[in-house]
Amino acid sequence: MAGPDLRPTAVLFACGMNSVRSPMAEALTQKLFPGQIYVKSAGVRAGKLDPFVDAVMAEIGVDMSAHRPKSYLELEESGFDLIVTLAPEAHHWALDLTRTDAVDVEYWPTMDPTLATGSREQILNEYRAVRDMLMMRIKKRLNWTPPPSG
């Protein structure tokens with residue numbers, strides 16, 4: 001187990017459909033910890049690609065075009081040190097799935113930006129808020145330090 005003060009080596013982010021929150025978290029972790037942390041994402045069930053995710057992640061230089069939403073049943077790996085759940089149904093699933101495993105499960109309540117209404121810009125602002133909150137939580141939880149400048 002990774003424990004609250006140690007950086008895990010393998011992290012799974014889980015949400016409802018693996019189309020918004022968990023893929024954002026996966027991509028942000030890859031960006032912040034290149035080659036340092038094995039990271040994947042999955043949903044309780046597979047959803048469909050969300051163009052607003054592509055747009056807000058591109059704003060920070062992250063290409064999401066290779067992401068394909070998948071359910072946890074489609075995961076080909078196990079042995080994660082930490083599972084971070086971003087939606088209630090994913091949290092219940094993760095606790096049930098890991099009853100007999102030595103893995104930490106943390107719940108990070110994260111709003112669903114797909115519920116946003118209004119103009120395109122108002123909707124994008126909700127997606128940005130989720131992206132930025134996830135970035136902050138990932139940096140804090142995984143003990144991110146900026147690379148030395150030079």
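The values are calculated or read from the model by the stated rules, or taken from the named source; none is laboratory data. For clarity, every value in this text was computed on a predicted model and none was experimentally measured. Counting neighbours? That spans all protein chains shown, and the Cβs are built from the backbone with ideal geometry, glycine included.
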Fill in: First in the stretch 32-58 and at positive phi, second anywhere and modelled with pLDDT under 95, Cβ under 7 Å, 6 or more apart
none
Discussion item. Can you find a residue that is farther than 23 Å from residue 144 by Cβ and either in a loop (DSSP other than H, G, I, E, B) or of a type in the set (Phe, Trp, Tyr) (or both) anywhere in the stretch 25-44?
Written reply: yes
Worksheet item: Taking the stretch 91-143 as the search range and keeping residues that are under 17 Å from residue 81 (Cα atoms) and among the polar types (S, T, N, Q), which one is nearest to the chain's Cα centre (by Cα)?
Response: 143
Practice prompt. Determine whether residue 118 is surrounded by fewer than 20 Cβ atoms within 10 Å (Cβ to Cβ), farther than 24 Å from residue 32 by Cα and either without any contact (Cβ under 8 Å) to a residue 40 or more places away in the chain or of a type in the set (D, E, K, R) (or both).
Written response: yes
Practice prompt. Please work out which residue is surrounded by the fewest Cβ atoms within 10 Å (Cβ to Cβ), limiting yourself to the stretch 93-115 and to residues that are in contact (Cβ under 8 Å) with a residue 24 or more places away in the chain, part of a helix (DSSP H, G or I) and not small (Gly, Ala, Ser).
Written response: 97
Worksheet item: Inside the stretch 116-129, can you point out the residues that are closer than 15 Å to residue 51 by Cβ, among the aliphatic types (A, V, I, L, M) and not in a loop (DSSP other than H, G, I, E, B)?
Response: 123, 124
Worksheet item: Somewhere in the stretch 70-89, is a residue in a loop (DSSP other than H, G, I, E, B), basic (Lys, Arg), over 18 Å from residue 32 (Cα atoms) and touching a strand residue (DSSP E or B) at 6+ places or on another chain (Cβ under 9 Å)?
Response: yes
